[in-house]
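Before any comments, here is the structure.
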Amino acid sequence: MGEPVPAEDTWSRRDFLFLAILGALIGLVYFDVLFLGKTLFLRDLTRYYFPAKLILREIVRAGEFPSWNPFFGGGQPMAANPEYSVFYPLHALLLLPDFVYAFQLLIVLHVFIGAGSMYLFLRSWRCRSETALIGSLTFALGGITASLLNLLPYLFIFAWTPLAFLFVRRFLEGGKRRDFAAAGLVLALQLLTPEPTTILQVWFLIGSYAFYKGWQQKKGKGALKQLGAITLLGFLVLGAGAVQILPALDHARDSVRARPFDYRLASAWSMPAVRPLELIYPSMFGRPFSPGAPRYLGAALYQPKPVPFLFMIYLGLLTFVLAAAGAATRTRGWPLALFVSLVSFVLALGNHLPLFRWLYEMKVASAVRYPEKFALMGLFAILLFAVKALDRYLSGDAAVAVAVQRVIWVLLALTAIVAVASFSETWSQWYVSSWKISSEGQARDWIGVARFDWIISLLRVAVLAALIFAGSRKRSRPLWAPLLAFVFLDLAFASREVSPRMPRSFFREPDLAKLIAPEDRAQYRVFPEADWYDYYGFSRNARLFSSTGDGSYWTVQHGLIPHSPADWGIRTVLDRDYDKTALLPTADLVDAYWRVKDRVGDARRPLFMAMANARWREEFRDFDEEVARVHGRPELVQPMALIEERKSPRYYFADQIVPISGVEDFSRRVVERDWSRGVAFVEEQVTAPGTGSVLSVKEWSSRAELRVAADQASFLVASVTAHKYWQATIDGIPARLIRANIGFQGLVVPAGQHTIELRYRNRLLPFASSFSLLSLGVLLFLACKSHWKEDHQAQNEEHREA
């Protein structure tokens, strides 16, 4: 997608000045986060990433390797799960003394990285410095980055993508090994925080560009040669990222990812065909987030999801105008931009087209969730294409200038017509019927919001039209500074709407957590049963507490809804698997609980809580009473009541051993009678009739040391999630672990007093680490050898000249 127009190709003071301006503008948008104590909190930031990163930090600070997370789901693998990105170097920021600030800094830093890498790429792409400044600002504040602020693995990958493109493009054009190696190192860095579909999109973009570039140069043979070079690069990158990729693939086989997703889950968050209209009008379907009650009409298009997966796809009005003008004038690269955009759009549509169903049935898409994420590569391609059109426009290209004027006048006329029409009764009736708004008060509220948004859209288009008209009146090239100011104001306000802030007090310890004594938090777990409200019926209290805009996030924090309890060292079990990476035993145990509950109600809840080492469970309070108590202030709400049950130790000797043949048989046996709280259900014959006692327990994140005593051979149950990499020794002698109670494990202990050690070690990590170091060594060798060779050639030339 390139057009070699005359442009600045060397760096100067102007570039450093523009980078400073770029940093200042981004810093202004995030000034409250960086300096005023405000915090980003939306969606997965609160529920998952904040506690996950905090656990990672605390384990590392304790001097341990983060191989196991003891806080979620009775314990889950950590280093092997790519959601944690354990090996990502920039996680070193999390070790700063103030974790709340470190977490926010980690997010905002990647906005700066994305902006800077985009500027470097665009300058390397022979764009004017003014073009690079506007393009990089658009990338930093536009829909790609703004949508990914609450989806951290996606954000981390896309922040480095322009830099990867820089070195890939330079290698494809110049064939230098140093650029090949640099591209490999940046792409390997992305694999250390891997989100599979995002990585695939980055490589699809790279492969498409390589083929297009090769075809331009030497037709078919050139395209195949370029693809061959990219394939070789891909193998080296996979090798460098093996330390994360190999354990992740191994973990996928042991987790719920090994089972095909239900089609409804796989196809959820399919992008509606009309969503691209938001490329012109960011509030076309309302706002995905609002402080009060939700005002996103597009929820009707995403059912059963209430909001889109990508909160914002708007890249700025100027970007759309330039992309349309570039297409009209056949700016070089338009076939590639069109191809990538179409592929992206078709995949993002998901279940709105038969293709996704076919891919699902062919097992290609059975492990993929949320098709809308495939829109990212299309947005990236559109942005780059628009940047090239901008470069022509700022260079004084008459054809592009005329096309830009025509596009903006058409948009101005259409927007004015709709804005005026929105005040008519006919439009109001159409609006209400189209969105099936039944409440008169809600209809009045939403129509008012829509009218306001159309007036803002008209103002936005009118301002840009005025700038373009003023530029066309000048004999010199269009003025870039007013366009930069417009882009900043346009995207700064739009991005703030989808990345709201909370006060720092949002992450303070809630009163509900204070009910659990610090010494009890490591010994016992919480069963967040209330968080499963939609499993057994959307109760009125659950529905109201979760439908209050920003109030729903205070519900998560103050209600200890997973995984936020880990923020205060509280462990959970039988909780939701939000990222769908839980081990199969965990999923089977949760499934068994709900099977039993469907048959006998809450009669066997105490047994499951005993098996799972759960001392507390949660219930929703009455919504009306709680709102009245806090006078409608969501930051004071206490949505949950903590119900304390009997203490159940994490390690205990079974007083009954019941053989079972699987999950279904386990559920049936649990239902058939009222079992002892010390029962152990095992899937093999175990002869251990004795009893014993646990004398002492010492625990670390991935290791436990127990002193026990048994009168004869006895069965010790450890309510720690079973996995193949757990190892046990009795007095230093290896012992075999047996799956117990579906989700946990145990072992037979001989008579007498013993020291038992349980240790979690991922045996794949040493091999994967060696492979990564070898591949990184190859890439570094290529980079250094190329550098040494160039220095040697330069010295020879100097000698010859002398």
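Listed here are the residues, each with its yes/no results for (1) within 21 Å of the chain's Cα centre (by Cα); (2) open to solvent by less than 20 Å² (accessible area, probe 1.4 Å); (3) free of Cβ contacts under 8 Å to residues at least 24 places away in the same chain.
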{"residue": "Asp262", "(1), (2), (3)": "yes, no, yes"}
{"residue": "Ala266", "(1), (2), (3)": "yes, yes, no"}
{"residue": "Trp269", "(1), (2), (3)": "yes, no, no"}
{"residue": "Ala273", "(1), (2), (3)": "no, no, no"}
{"residue": "Pro282", "(1), (2), (3)": "no, no, no"}
{"residue": "Leu297", "(1), (2), (3)": "no, yes, no"}
{"residue": "Leu310", "(1), (2), (3)": "yes, yes, no"}
{"residue": "Arg330", "(1), (2), (3)": "no, no, yes"}
{"residue": "Pro335", "(1), (2), (3)": "no, no, no"}
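Restricting region 650-673 to residues that are β-branched (Val, Ile, Thr) and closer than 21 Å to Thr691 by Cβ leaves a set whose member that is least open to solvent (accessible area, probe 1.4 Å) is Val658.
Per-residue answers, yes or no, for (1) without any contact (Cβ under 8 Å) to a residue 12 or more places away in the chain; (2) over 15 Å from Asn69 (Cα atoms); (3) surrounded by fewer than 22 Cβ atoms within 10 Å (Cβ to Cβ):
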{"site": "Val679", "(1), (2), (3)": "no, yes, yes"}
{"site": "Pro689", "(1), (2), (3)": "no, yes, yes"}
{"site": "Ser693", "(1), (2), (3)": "no, yes, yes"}
{"site": "Ala704", "(1), (2), (3)": "no, no, yes"}
{"site": "Ala718", "(1), (2), (3)": "no, yes, no"}
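Within region 154-196, the only residue that satisfies the criterion of being of a type outside the set (A, V, I, L, M, F, W, C), surrounded by fewer than 24 Cβ atoms within 10 Å (Cβ to Cβ) and modelled with pLDDT of 95 or more is Tyr154. Of all residues in region 667-698, those satisfying the criterion of being among the hydrophobic types (A, V, I, L, M, F, W, C) and assigned to a loop (DSSP other than H, G, I, E, B) are Trp675, Val686, Ala688. Does any residue of region 471-490 turn out to be open to solvent by 20 Å² or more (accessible area, probe 1.4 Å), within 21 Å of Ala52 (Cβ to Cβ) and not in a loop (DSSP other than H, G, I, E, B)? Checked against the condition, which is being open to solvent by 20 Å² or more (accessible area, probe 1.4 Å), within 21 Å of Ala52 (Cβ to Cβ) and not in a loop (DSSP other than H, G, I, E, B), region 471-490 yields no hits at all. Is there a residue in region 748-757 that is open to solvent by less than 10 Å² (accessible area, probe 1.4 Å) and small (Gly, Ala, Ser)? No; the residues of region 748-757 include none that is open to solvent by less than 10 Å² (accessible area, probe 1.4 Å) and small (Gly, Ala, Ser). Output yes when any residue across region 143-164 is part of a helix (DSSP H, G or I), over 26 Å from Pro196 (Cβ atoms) and not aliphatic (A, V, I, L, M), and no when none is. Taking every residue of region 143-164 in turn, none turns out to be part of a helix (DSSP H, G or I), over 26 Å from Pro196 (Cβ atoms) and not aliphatic (A, V, I, L, M). When only residues in region 504-525 that are without any contact (Cβ under 8 Å) to a residue 24 or more places away in the chain and in a helix (DSSP H, G or I) count, which is nearest to Val33 (Cα to Cα)? The extreme case among them is Lys514. For Phe320, the conditions (1) within 27 Å of Ile447 (Cα to Cα); (2) not in a helix (DSSP H, G or I) all hold with the exception of (2).
Under 20 Å from Trp160 (Cα atoms) and modelled with pLDDT of 90 or more: is that true of Ile230 in this structure? No: the conditions fail for Ile230. For region 352-387, the set of residues classified as touching a helix residue (DSSP H, G or I) at 6+ places or on another chain (Cβ under 7 Å) and surrounded by fewer than 20 Cβ atoms within 10 Å (Cβ to Cβ) consists of Leu353, Leu355, Arg357, Ser366, Ala367, Arg369, listed by residue number.
The values are calculated or read from the model by the stated rules, or taken from the named source; none is laboratory data. These numbers were taken from a predicted model, which means no experiment stands behind them. Every residue, glycine as well, gets a Cβ built from its backbone with ideal geometry; the counts of neighbours run over all protein chains shown. Accessible surface areas use protein heavy atoms only, side chains included; no ligands, DNA or RNA. Shrake-Rupley method; radii C 1.70, N 1.55, O 1.52, S 1.80 Å.
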